[in-house]
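The structure under discussion appears below in the form of structure tokens.
The values are calculated or read from the model by the stated rules, or taken from the named source; none is laboratory data. Given the structure is predicted, the values throughout are model-derived calculations rather than measurements. Here the Cβ is made from the backbone with ideal geometry for all residues, glycine too, and neighbour counts use every protein chain on show.
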Amino acid sequence: MHSRIKENKKVLNAFVVVMSLLLLLSQLQFLSPIDTATAAVTDEEGFDTPTYQSIHKGDMYSTGNVNLGIKATEAQKKTALYSDITNTAYTAPNGYTRELIDVDDDPTTTNSSKAYIPVPEDAEIEWAGLYWSSTRYELTQQQYVAPVKFTTPAGKSFQVKPSNTYYGSGLLYGFGIDGTYYSNYADVTKLLQSSNSKGGSYTVANIPYPNTKLAYNYGYYSFAGWYMLVITKDKSKTRKAFTVYDGGLKRATGSGEKEFTVKNFLASKTGDLDPKVSVFAVQGDRYWQGDKLFVHTDNTWKEVTDKLNPTGNIFNSTISEYEEHMRDKYPGTFNPDYKNNLGVDADLIKLPAGYIKPEQKEIRLKAATAGDDYVLNTLAFAVNATAPELVIDKEVVDAKEKYEPGDEVTYRLRVKNIEPNSSSVDTKIEDVLDSRLEFVPNSVKIISGPNAGNKTEQVDYDAKTRKLTIRIGEGANATKGGIYTDKTPETTIEFKAKLGGEKVETEVPNIAVVQGVDELTGSQVEANDSNKVVVKVLPEREEKPGKLVATKLAKDINGGTLKVGDKLEYTIHAKNSVPDSILKVVKITDNLPEGVEYVPNTLKINGKEQTDVEDEDYAHIKDGTIYAHFGDLKGEEEKAITFEVVVKPEMANKKIKNIAIVETDSSKDKEKPEVETPVDPLSGQLESKKEIIGIKQEKFHVNDEFEYQIKARNKVENGLIKDMRLIDKLPEGIEYIAGSMKLNGNLLTDAVDEDEGSYEDNTVKVNFGDVLDTEERTVTFKVKVTQDALKTKEIENIAVVEGKTPDNEDLPPQKPNVKTNVEAKEPKVRKMVSDADEKEVEKATLQSIDEEFTWHVNYHFGNDIMNLEKVVLQDDLEDILTILQVKLVNSDGEEIEVIPQIDEQSKKVSIELPKQDGNYAYLANQSYTMHIKSKLSANVNADILTKYNANDGIPNKAELLFDQKKFVSNEVFVVPPILGKFEIEKVDANDENLKLEGAVFEVISKDGNIVCKLTTDKDGLATSIPLIVGKYILKEVQAPKGYMLMREPVEIEVKSGMDSQRIRVVNKKSEFVIPETGGIGTIIYYVIGGILMFVTLFLFVRKRNNER
């Protein structure tokens, strides 16, 4: 045996390295996206808030099983699966090839197992949760959240989808194959309740499990299994607080301890809690140990253990209930029925006293491991708890054997809380009365207990639902029930009800209910019914039927004719006109008509005041309807109800028609008395306003057109204005535009005719007639601003809206007005320039020094010119320009004969315009253009042009002078031609790489002026200044040392562009230097040189001969 264990350990150690590699690969797997699913999927550890919680009488049950087994011989299985927990040899699942377990004889399922849960038949299912868990190896999220098949003991099956999923990774040494896991949860309460399923064997099939690669391989700790937890209601059990937590708390080998706290825990205030815990965990192994679960109490950590879940190995693949294997405790109910469930733990454990304390609100726990990997999925606690148990008893006071119809019955209720150490708040009694019981108002009395005495504020009665509510307990008031502890004295309450009879003898039952809220948990206390009491009622006696007669009257309390705001009193009479008869339950309903409003607290029956609210008296008003209960009317008995209303404004000039309904239970026929009352019309009130529409501007100019809009209305709802009309006399400065008058968008004629509008004597008139509504009448018309408006520069237009009262008295007129500012149009000066292409622009570029160009100055004179003494057009040109021509044209292009003043020295052009008929009125709104043709002056040089080019060109602004006031144009520019330059390179004739320094050249313009001097540098280079494009003469005036001057000047041409043109000049030492760029030639130089040499030689020979 020991040798086999040793061998097994060697095998396990051999796989450590392989498992580590697989773990690394598994981490890469989780980098891939997770498929979306409907379940709430999380990688958190959970256990933070309760999944389920309640306090009631009942108990907690759990079960579970495994769906992944091993392939082994029967002898191997006996040792591996059925040995005692102390036998750990050969129990580790990695020593076997794996296979799915499938016990349900269903060819459509891939795996299944069956487990028994011992829920008593007399208990009720309060809550049930189903959990299932396995590895995520090779599974997508969509696959591991797929539904399982859940089958009840009766054979009814359901597809159950998870509502919550916890997942994770990081288990070591081949646990979960690649270290992964998932845990699914679904609430199956309704499934059990609807199928009436309680105790018995349940089957769970199709737990998602991979079917590829290493899924069944030897050497891995894979797992698949399920767990079900059931909480029951059972009055035969003690009251307990049940709290369920779940999650996916992982502990990997060597990860040590993990503390966590479950919160919102419930426990009794005092006494023995008798704590129990149900645990569901996966991947815990019998062979590998060191797995522990601790509870922190009394400042120390206490381990959770029992006989089947010993210290250091709580998660050892057992499915147990209170220290017994469930397969042994309930034989034949599990399939498979292993003792070693291969990584699935489902244990129900009793905790020792003191592990959990009374009134504890949270539990500190610690999950630890030293050598075993596991995942904790569920922790469910059940501890004794207290909750109020309210009991109620009911009886009839001085009960009779039988009652006559109409007799009153006194009911007595007794209430107390029989649960020690509990407290109920908002405690109340509810009693829904039978239709043959009529509650007697103000009859509730608290005989003993808190708040004893006659009570009305603690009582509500709803006549429609017939529900009587009595708030009881310490501190009960008009809105909320009081506190009821086990020490609160018993409360005794009495109330009365009147019995109704039928044609036969009847029995009238009654049951009351007491309920409240548990102060500890805030949850509703289980409602308890009282015993049922029954009274017998004799049959009704036959009586002679009566006849209902109803009338209705209306009276103006203010006297005279009825006006808006007056009070109107209605009286409705109901009478039984037949002697010695009876009319049962006579009722009046009066739905008040529109146009009147009830006057509060004016309800009276037979002169006795009634409240407006629905209470114990006989009349009330609700939602605009008067209700009255006259009760039974005996023969020739009459009753009347009166109430007042106020006439609302909308009833002006109308009639108020009010119809009541009077009915009795003695007849199907209904009386409908009615009364109609006329109301005088209201006097209307005028309201008007005036504005300019269509144009949003603060100031207008002469000849501008705009539109006035006048709105007028009667602002009194249901008021009358007779002969409502509009009169608008136009002021000086505007004139009416014929045919522009409209009423509500419809054109009106200007003539006095059948339509509502007219225009005569500079006045707009519109008649609206009699107006009863409050709709606006909109009048619009257009006007044009005249020259006269410039006298005051403001137009105030005042309209008058008039009308009369219904009594033909004049109403105060409305005078809507609008002021309009009129502004003279300011003169404007706009300048442009055009060059040879004749296109007018703000910046023109000249292509040559001789190119002509034209300045164009447009003068718009505006309209405020009547009082001017002098109008001058003026343009001051730059000094470098020559003026060639000046002309002035009007807006039609016609030339105007004027003599422009041109100052050749300052280059200023001015034209003074003449008056006509002693003024400048002819210039109003006119536009003239002055054209000045010019060119660059002949003496312009490159320096001047360079200066202007550096500032965007030659600028110019024109001016318009109105007396001393100056108006200046925009600035335009003429850009002179682009300058050019050249570069001289001086080199030796025999060696081009020898650059000659110190050569001096003059650059001479075509008119013979020297424009610049150039001296070559050490590189033989000299660059000219910027020059006007054109031809120049290059003359060398000083040669480099040891070289001859260039005898002939050279003509060069400077082209536009600042990129230097290079001219190469070559020289020979002690010889004439011949420029490469040209000259007269070399022949003459050779001839002259030869002659000089010959003459010199001749003279030298002759002198020698003479000396001899």
Please count how many residues of the range 207-224 are outside any loop (DSSP other than H, G, I, E, B), hydroxyl-bearing (Ser, Thr, Tyr) and within 46 Å of the chain's Cα centre (by Cα).
0
Members of the range 862-909 that are without any contact (Cβ under 8 Å) to a residue 60 or more places away in the chain, outside any strand (DSSP E or B), of a type in the set (A, V, I, L, M) and closer than 30 Å to residue 849 by Cα
899
Taking the stated definitions as given, is residue 300 surrounded by fewer than 21 Cβ atoms within 10 Å (Cβ to Cβ), of a type in the set (Val, Ile, Thr), at pLDDT 95 or above and farther than 19 Å from residue 61 by Cα?
yes
Flagged in the range 891-915 as surrounded by fewer than 13 Cβ atoms within 10 Å (Cβ to Cβ) and under 20 Å from residue 877 (Cα atoms), in numbering order, are 899, 903, 904, 905, 906
With the condition kept exactly as written, say whether any residue in the range 830-839 is within 27 Å of residue 865 (Cβ to Cβ), within 52 Å of the chain's Cα centre (by Cα) and surrounded by 14 or more Cβ atoms within 10 Å (Cβ to Cβ).
no
Would you be able to tell me the number of residues in the range 64-103 that are farther than 23 Å from residue 371 by Cα, of a type in the set (A, V, I, L, M, F, W, C) and not in a strand (DSSP E or B)?
4
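Rundown of residues vs (1) in contact (Cβ under 8 Å) with a residue 24 or more places away in the chain; (2) of a type outside the set (Gly, Ala, Ser); (3) more than 22 Å from residue 945 (Cβ to Cβ); (4) surrounded by 15 or more Cβ atoms within 10 Å (Cβ to Cβ), yes/no style:
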residue: 997; (1), (2), (3), (4): yes, yes, yes, yes
residue: 1004; (1), (2), (3), (4): yes, yes, no, yes
residue: 1010; (1), (2), (3), (4): no, yes, no, no
residue: 1024; (1), (2), (3), (4): yes, no, no, yes
residue: 1029; (1), (2), (3), (4): yes, yes, no, yes
residue: 1033; (1), (2), (3), (4): yes, yes, no, yes
residue: 1050; (1), (2), (3), (4): yes, yes, yes, yes
For residue 945: the one exception among (1) at pLDDT 90 or above; (2) buried (at least 18 other Cβ atoms within 10 Å of the Cβ):
(1)
Out of all the residues in the range 373-390, is one or more of a type in the set (Gly, Ala, Ser), buried (at least 21 other Cβ atoms within 10 Å of the Cβ) and assigned to a strand (DSSP E or B)?
yes
If you go through the range 84-109, how many residues are under 54 Å from the mean Cα position of the chain (by Cα), hydroxyl-bearing (Ser, Thr, Tyr) and surrounded by fewer than 17 Cβ atoms within 10 Å (Cβ to Cβ)?
1
Working only within the range 70-126, note down all residues that are out of contact with any Asp or Glu (no Cβ under 8 Å at 6 or more places or on another chain), within 15 Å of residue 344 (Cα to Cα) and either free of Cβ contacts under 8 Å to residues at least 40 places away in the same chain or small (Gly, Ala, Ser) (or both).
80, 113, 115
Restricting to the range 769-804, what's the tally of residues that are assigned to a strand (DSSP E or B), closer than 17 Å to residue 717 by Cα and among the acidic types (Asp, Glu)?
1
Those residues that are assigned to a strand (DSSP E or B), among the aliphatic types (A, V, I, L, M) and either over 50 Å from the mean Cα position of the chain (by Cα) or surrounded by fewer than 17 Cβ atoms within 10 Å (Cβ to Cβ) (or both), I need them from the range 395-435; list them, please.
396, 409, 413, 415, 432
What's the total number of residues in the range 736-768 that are exposed (fewer than 14 other Cβ atoms within 10 Å of the Cβ) and either assigned to a strand (DSSP E or B) or among the charged types (D, E, K, R) (or both)?
7
When you go through (1) surrounded by 14 or more Cβ atoms within 10 Å (Cβ to Cβ); (2) under 30 Å from residue 573 (Cα atoms) one by one for residue 705, which number turns out not to apply?
(2)
Out of everything in the range 526-557 that is part of a loop (DSSP other than H, G, I, E, B) and modelled with pLDDT under 80, what residue ends up being surrounded by the fewest Cβ atoms within 10 Å (Cβ to Cβ)?
542
Filter pass, residue 332 being in the same structural domain as residue 128 (by TED's automatic domain parsing), modelled with pLDDT under 95 and closer than 19 Å to residue 84 by Cα:
no
How do the strands (runs of 3 or more DSSP E) wholly within the range 117-206 filter down when requiring 3 or more residues that are in contact with a helix residue (DSSP H, G or I) (Cβ under 8 Å, 6 or more places away or on another chain): which remain?
124-134
